Amino acid sequence: MRKAIYPGSFDPFTNGHLDIVRRALRVVDHLTIAVLRNTSKRYLLSPEERVELIREVFQHEENIEVMTFEGLLAEFCRQRDTKLVIRGLRAVSDFDYEHAIFLMNSKLLEGLETIFLMSSSEHSFISSSIVKEVSSLGGVVDDQVPPPVARKLRQLHKERSGA
Ligand code: PNS
């Protein structure tokens, strides 16, 4: 069975991420969506909330598991006995960062491979940061995130604006 890890912050998980998951499952049999737990960074959603929302998106799908990871991705891959990572590339602007991560990860764990999937045209403009900003200002992002995420963002905006 070919398995891979799809790591990210997923703050929040978007339709761009969903597209990458769907397409990754054409080349692997099992995907672990690994949500970064980074205590030194400020997130909109806690790691638990991010995991819960992604699990809701993929409920009933047995070939997808969702969990958090902390520390080095290469170490997480080693612990999980998985040497294949999936990453999405939206545009050339993503390339330098992804290339640096790829080189570092290959150094940290010999044989670790990364498959880069290009975002499809309708998803290449979607960004978690922009989705966060727009939704926090009351903008509608329902066409850019899966329904559970859209509900959560609406609820957060309501709570924070006192509406
Ligand atoms: O969705 P993101 O924020 O672009 O994901 C970045 C991620 C989580 C893949 C990357 O930051 C990561 O792997 N962090 C774990 C720490 C690590 O392994 N660092 C070395 C490679 S940069």
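Taking 30 Å as the limit for the C-alpha separation, the pairs Lys41/Lys158; Lys107/Lys132; Lys83/Lys152; Lys41/Lys83; Lys41/Lys152 exceed it in the case of Lys107/Lys132; Lys83/Lys152. Label zone (Ile130, point 7 Å along Cα-to-C-beta; backbone nitrogen cut-off 15 Å) within the range 17-40: 17. The simple Förster model, with R0 at 35 Å and r as the Cβ-Cβ distance, assigns Glu75 and Val27 a FRET efficiency of 0.90. With the biggest extent put first, the Cα atoms of the chain measure 52, 33, 31 Å across the principal axes.
Leaving ligands and nucleic acids out of the surface, order Lys3, Lys83, Lys107, Lys152 by accessible area at 1.4 Å, largest first. Intermediate values should be presented prior to the final figure.
On the way: Lys3 75, Lys83 105, Lys107 170, Lys152 35 Å².
Final ranking, largest accessible area leading: Lys107, Lys83, Lys3, Lys152.
Label zone of Arg160 (point 7 Å out along Cα→Cβ, amide N under 15 Å): in the range 126-143 this covers 128-141.
Would you calculate, for the chain, the mean residue ellipticity at 222 nm contributed by helices, counting each DSSP H stretch of 4 or more residues as -39,500 (n - 2.57) and dividing by all residues, to the nearest 500? Write out the running numbers ahead of the final one.
Details: 6 runs with 69 residues, N = 163.
Helices in the chain give a 222 nm mean residue ellipticity of -13000 deg cm²/dmol.
Reported value for the range 1-71: 79 Å³ per residue, from the convex hull of its C-alpha atoms. What whole-number distance in Å separates the alpha-carbon centres of the range 80-129 and the range 1-53? Answer, in whole Å: 12. When you filter the GluC sites (Glu not before Pro) in the range 110-139 for DSSP loop state and at most 13 other Cβ atoms inside 10 Å of their Cβ, you are left with Glu110. Quick note on the range 104-161: its Rg to Rh ratio, both from C-alpha atoms and Rh being the Kirkwood radius, is 1.20.
The values are calculated or read from the model by the stated rules, or taken from the named source; none is laboratory data. Computed from a prediction, not measured in an experiment: that's the story for all the values here. A quick note on method: Cβ atoms are made from the backbone with ideal geometry, for glycine too, and the neighbour counts reach across all protein chains shown. The protein model used for the area step is the full one, side chains on, heavy atoms only, and it has no ligands, DNA or RNA in it. Shrake-Rupley method; radii C 1.70, N 1.55, O 1.52, S 1.80 Å.
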